1. So, residue 112, is that one within 27 Å of residue 147 (Cα to Cα), buried (at least 20 other Cβ atoms within 10 Å of the Cβ) and touching an Asp or Glu at 6+ places or on another chain (Cβ under 9 Å) or not?
2. Can you pull out every residue in the range 129-148 that is within 16 Å of ligand 2 (Cβ to nearest atom) and loosely packed, with under 15 Cβ neighbours inside 10 Å?
3. Checking residue 168 against (1) part of a loop (DSSP other than H, G, I, E, B); (2) more than 15 Å from the chain's Cα centre (by Cα); (3) more than 16 Å from ligand 2 (Cβ to nearest atom); (4) in contact (Cβ under 8 Å) with a residue 24 or more places away in the chain, which single condition isn't satisfied?
4. When you check residue 115 against the structure, is it touching a Pro at 6+ places or on another chain (Cβ under 6 Å) and farther than 19 Å from residue 197 by Cα, yes or no?
5. Scan the range 150-172 residue by residue and report those that are of a type outside the set (D, E, K, R), on the phi < 0 side of the Ramachandran plot and surrounded by fewer than 24 Cβ atoms within 10 Å (Cβ to Cβ).
6. Quick one: count up the residues across the range 140-152 that are more than 8 Å from ligand 1 (Cβ to nearest atom) and either basic (Lys, Arg) or out of contact with any Asp or Glu (no Cβ under 6 Å at 6 or more places or on another chain) (or both).
7. If I filter the range 52-100 down to residues being of a type in the set (A, V, I, L, M, F, W, C) and over 20 Å from residue 125 (Cα atoms), which single residue comes out as nearest to ligand 1 (Cβ to nearest atom)?
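What follows is calculated from the coordinates using simple rules that are stated; it is not laboratory data. As the structure is a prediction and not an experimental result, all values here were calculated from the model. All Cβ positions, even for glycine, are placed from backbone atoms using ideal geometry, and neighbour counts span all protein chains on display.
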Amino acid sequence: MITGESDVLLVIDVQNDFCPGGALAVPRGDEVVPIINRLAGRFANVVLTQDWHPPGHLSFASAHPGRRPFEMTTAAYGPQVLWPDHCVQGTPGADFHPSVTIPHAALVLRKGMRRTIDSYSAFYENDRKTPTGLVGYLRERNLTHIFLAGLAFDFCVRYSAEDAARAGFAVTVIEDACRGIDMEGSVAATHRSFESLTIPRVWENDFS
Ligand code: VGL
Ligand code: ZN
């Protein structure tokens, strides 16, 4: 694979809180950093996302008295996992991993800012209705093929890939540039979903 002008690398949530030592650490999440740095060098177009929650966000177990992280709750829009407090706006945990080096990234898209709606996807929040604006940005820039990398494979990468495919973009997930949380079979469910949407999975070695 050789990347072209209409390709974009969409790097999902490579933030301290999703790396070992962070509040919602993805196992071996930091391993994606050097891979993503190398991949980014192959793309003229790179967009980074940043999970960016206000204190007391509805996805935080701490905002629900008596509830524990990784339990489910019911939000106005449906089921919602309760997480440890993570990626709180302006805190070190919300910063990108310090080794992320992508100076030519054109856009940092923040998501999950609304206190009462979580947002896994880079395109639509968890109510599945509130857009982040990323579809419009990519369309206006004629970026038609989205390559996904980052954290977590089975949450924010998964939802972003699904929404991108449904919005009509060509979508490819770079498997070794992602790591998953794997809650109750969520990694296997992600593979099944990508298969049914015919979203291809590739590896860094497939790029030349
Ligand atoms: C994510 C859970 C909560 C992610 C974000 O980036 O995958 N997961 N917030
Ligand atoms: Zn979050």
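1. It is true that residue 112 is within 27 Å of residue 147 (Cα to Cα), buried (at least 20 other Cβ atoms within 10 Å of the Cβ) and touching an Asp or Glu at 6+ places or on another chain (Cβ under 9 Å).
2. In the first step, residues of the range 129-148 are kept if they are within 16 Å of ligand 2 (Cβ to nearest atom); the result is 130, 132.
130 - this is the single residue of the range 129-148 that is within 16 Å of ligand 2 (Cβ to nearest atom) and loosely packed, with under 15 Cβ neighbours inside 10 Å.
3. So residue 168 meets the others, but not (4).
4. Here the answer is yes, as residue 115 does meet what is asked.
5. 159, 165, 167, 169, 170, 171, 172
6. Filtering the range 140-152 for residues more than 8 Å from ligand 1 (Cβ to nearest atom) gives 140-149.
Now restrict to residues that are either basic (Lys, Arg) or out of contact with any Asp or Glu (no Cβ under 6 Å at 6 or more places or on another chain) (or both): 140-144, 146-149.
Residues flagged as more than 8 Å from ligand 1 (Cβ to nearest atom) and either basic (Lys, Arg) or out of contact with any Asp or Glu (no Cβ under 6 Å at 6 or more places or on another chain) (or both) within the range 140-152 amount to 9.
7. If we filter the range 52-100 for residues that are of a type in the set (A, V, I, L, M, F, W, C), which is where we start, we get 52, 58, 60-61, 63, 70, 72, 75-76, 81-83, 87-88, 94, 96, 100.
This time we only want the ones that are over 20 Å from residue 125 (Cα atoms), so: 96, 100.
Numbers: 96: 12, 100: 14 Å.
Step by step, filter the range 52-100, then rank; the result is 96.
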